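Where a number appears in this text, it was derived from the coordinates with a stated rule and is not lab data. Small disclaimer: the values here were computed from a predicted structure and weren't measured. Glycine gets a Cβ as well: all are built from the backbone with ideal geometry, and neighbour counts include every protein chain shown.
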Amino acid sequence: MIFTYWKHHSWSEVGFKTDLGILKIIGSALLLFVIIEPIFSFIIQPIINWIANESPDYSIFQSIAHDSSKYLKYLLFIWISAAIGEELLFRGFMFMQFKHILPEYKHKTVSMILISALLFSLPHAYQGLSGLLTTFVFGIIFGAVYVKYNYNLWITILIHGLIDSVFITLAFMDKLDYYNMVNF
């Protein structure tokens, strides 16, 4: 990151752009969140659970239930490490690297989205096959949004943070069984 800034004198190379304007960035992220969250939760997640014949293993988050201090700690943590950190690494940095190392060909952008989604899903292996598939699909969604919005990282950071905030809030309320709600 330091080298990127030193080379370009800007963070925009990895996606920290303000070319859309702050209101459009926030508005777009909120609109996409409102669309993505219910579609994912009520359609995609149940299909993934059915394909994997299991629900994601979120048991590691059970300790947050009804613990306000842990909830606030995790909420801050997910915004810093997941929303900002993962988006910076798996969208910003990796896409920048893939642009330079992959040869030019017709489906280069699709390949970049799929490779980054695969790499994004691997650290979530502790959640089982369903968790891996879930994270892979989210990686595709985040990658597609990143590309669609001219490689603007702020939009994916906000969407990712909002989605994870819903998750952590459900963990705090001891409602993670929400993700098991529909089984085939």
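Working from label points 7 Å from Cα in the Cα-to-Cβ sense, the Gln97 to Phe42 distance is 3.9 nm. In summary, the helical segments of the chain meeting the span-like criteria, namely a full DSSP H run, a Cα extent along the axis of 24 angstrom or more and a mean Kyte-Doolittle hydropathy of at least 1.6, are 22-39, 128-148, 153-172. Taking only the C-alpha atoms of the chain, Rg followed by Dmax gives 16.9, 53 Å. Geometric descriptor of region 24-118, per residue, is 165 Å³ (volume of the convex hull of the Cα atoms).
Kindly provide the Kirkwood hydrodynamic radius of region 66-117 in Å, to one decimal, from all pairs of distinct alpha carbon atoms.
For region 66-117, inverting the mean 1/r across all distinct Cα pairs yields 12.7 Å.
Measuring against 22 Å, Cα to Cα, the residue pairs Lys108/Lys148; Lys24/Lys70; Lys24/Lys108; Lys24/Lys175; Lys24/Lys148; Lys24/Lys99 contain Lys24/Lys70; Lys24/Lys108; Lys24/Lys175; Lys24/Lys99 as the ones spanning a longer distance.
With the convex hull drawn around the C-alpha atoms of region 56-161, the volume per residue stands at 91 Å³. Dipole size of the chain about its Cα centre, with +1 on Lys/Arg Cβ and -1 on Asp/Glu Cβ: approximately 580 debye, rounded to the nearest 20. Each of Ala52, Ala82, Val145 was scored by the projection of its Cα onto the charge dipole of the chain, and the greatest displacement toward the positive side belongs to Val145; charges sit on the C-beta of Lys, Arg, Asp and Glu.
Charging the Cβ of each Asp and Glu at -1 and of each Lys and Arg at +1, and nothing else, the dipole of region 31-108 about its Cα centre rounds to 300 debye.
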